[in-house]
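Working notes for the structure below.
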Amino acid sequence: MRQSRTTPRRVTEWAGLVERTLRGALEVDHVAVLTRSSPDPAPPAGSPPDAPPVQVRPGGAPPEAEAGDLLVVRHVDPAGRPVDLVLRRVGRDFTTLERRLAVGILEALERASRDEVRPAPAPLPQADVVDALERSLHDLDDMVVAPLVDRLAMVGNRFASRLDAAAWCLGRRTGDWAMETVTSSVRRRESVAGARGWPRRTGASPEITWRSSLTSTALEGGSVVAWRGEDSEVAQILESWGDLETLVAAGGYDLDARQWLLTLVGDETSPDLRQAQAALSAAVQVALGFPRAPRHH
């Protein structure tokens, strides 16, 4: 499946690739990628349709006025934003051929970024899913009087361990879009090391914000899945949590009408956790206390 959505991480990777490539190809000393607030000006009248990008010094000086050891090439990044790529080579001027080579390199990198394909995660063995569900149900039978958090945490640990998830967290809804993180566990810390939004317990319980209608559905007793190679609100949330690939979450109400959400995330070594959606949803509902058998008097 082709990744149709451009992410901040992808733009950063593109900028790094541009810098490394131009440094190596042209032996430049400094490369800067500057985002411009306005698009390129219209080409002069009579310019051929395939004319190369205008090369301009900062401040608007025409190409013929620029110093020989400074080259500015106007281009667009993978997000479609206009950028100035400023190349500096101390003590040696850029030749006309090198100027054309810089433009050609940028065009090649742009084509490569458009053609980037993210491979789908490995299939999740259904025998592992069945085993995780059955073991969870068995353990829940022995936890009838256990606190609700312990019951849900057991499900998180059982599924994460059996399905090789990178981490899991349990949240309780505290507002329209906010959830308090009650407990969590990270099995591979390097996968969430750079995460901005992944919950970490540092004294007070951290809050996590999910601005997605899909999350609201899960909190009402449903479930949600995501893969970072797709274009969805939940996939965007997943990308902010570090080097993670897939997500599966299930939630619902407890007997006191509080809403909970148990979330599992997988990294590049994890199988496709989306394929555990039905099993996790079933285990979470049992842990929450539903369905309950009617009392007989």
Note on the stretch 218-283: the mean projected area of its alpha-carbon convex hull, in nm², is 4.6
Per-residue ³J(HN,Hα) for the stretch 250-255, Karplus 6.51 cos²θ - 1.76 cosθ + 1.60, θ = phi - 60°, Hz, x for Gly and Pro: 9, x, x, 9, 8, 5
Mind listing the phi-derived Karplus ³J(HN,Hα) values for the stretch 268-281, rounded to whole Hz, using 6.51, -1.76 and 1.60 with θ = phi - 60°, and x for any glycine or proline? 5, 8, 7, x, 6, 5, 4, 6, 9, 4, 5, 5, 5, 4
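The numbers here are math on the coordinates, done by the rules we state, and not lab data. Please read all numbers here as calculations on a predicted model, not as lab measurements.
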